[in-house]
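Comments concern the structure below.
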Amino acid sequence: MRAESREIPVAPDRFEVVTEDVILSAELRSAIAVCIYDAVDESGALLHLRFITRGTQPMDVTDTTLATELLLLDRCVEALREAAPSAKALQAKIAVHLPRDTNAMEACDKMLTLVGHFLRDSGAEVTQPDVGIGDPRRLSFRPSMGWLLIK
């Protein structure tokens, strides 16, 4: 019988880097989760970015918001590289939750484009984002296997 993996919750606007077999979890409520891993090195990270929408007016993503999000992403990638210097084949999966607000999609698309470009420039292979609209989404990410479950 195998023991269950330890689970580490990741709060909004935080990231967690691991080099052991654990499960990183987050509840996405107007948020983007960036799951980065190297399955060969069995290391990875989960970055949980809030994506706050207000009102019904068309949304715009400010330069300050983008800079803050990209700074957190840069810190996350660098922390992963420091914790697991032998991790060379980085891969990334992105999960998104948006409320039932059609105005949020355009701003989210801008953010996802920038996050994708940043990750590719960092040498990561990036899959198509998994976007869910409506009820909050709970995700469990096991970096050692590159396994991502979204409910």
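Some values worked out for this structure:
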{"read-out": "Residue in the range 112-124 that is of a type in the set (A, V, I, L, M, F, W, C) and exposed (fewer than 12 other Cβ atoms within 10 Å of the Cβ) present", "value": "no"}
{"read-out": "Residue check, residue 47 closer than 15 Å to residue 12 by Cβ, in a helix (DSSP H, G or I), at pLDDT 90 or above and under 11 Å from the mean Cα position of the chain (by Cα)", "value": "no"}
{"read-out": "The range 93-128: number of residues that are within 15 Å of residue 37 (Cα to Cα), touching a residue at least 60 places away in the same chain (Cβ under 8 Å) and outside any helix (DSSP H, G or I)", "value": "3"}
{"read-out": "Residue selected from the range 70-89 under the condition surrounded by 16 or more Cβ atoms within 10 Å (Cβ to Cβ) and in a loop (DSSP other than H, G, I, E, B), by the criterion modelled with the lowest pLDDT", "value": "87"}
{"read-out": "Selection status of residue 138, buried (at least 16 other Cβ atoms within 10 Å of the Cβ) and in contact (Cβ under 8 Å) with a residue 60 or more places away in the chain", "value": "no"}
{"read-out": "Candidates 67, 92 - the one that is touching a helix residue (DSSP H, G or I) at 6+ places or on another chain (Cβ under 7 Å) and either modelled with pLDDT under 85 or within 29 Å of residue 5 (Cα to Cα) (or both)", "value": "92"}
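The values are calculated or read from the model by the stated rules, or taken from the named source; none is laboratory data. These numbers come from a predicted model, not from an experiment. With ideal geometry, Cβ positions are generated from the backbone for all residues, glycine too; neighbour counts draw on all protein chains shown.
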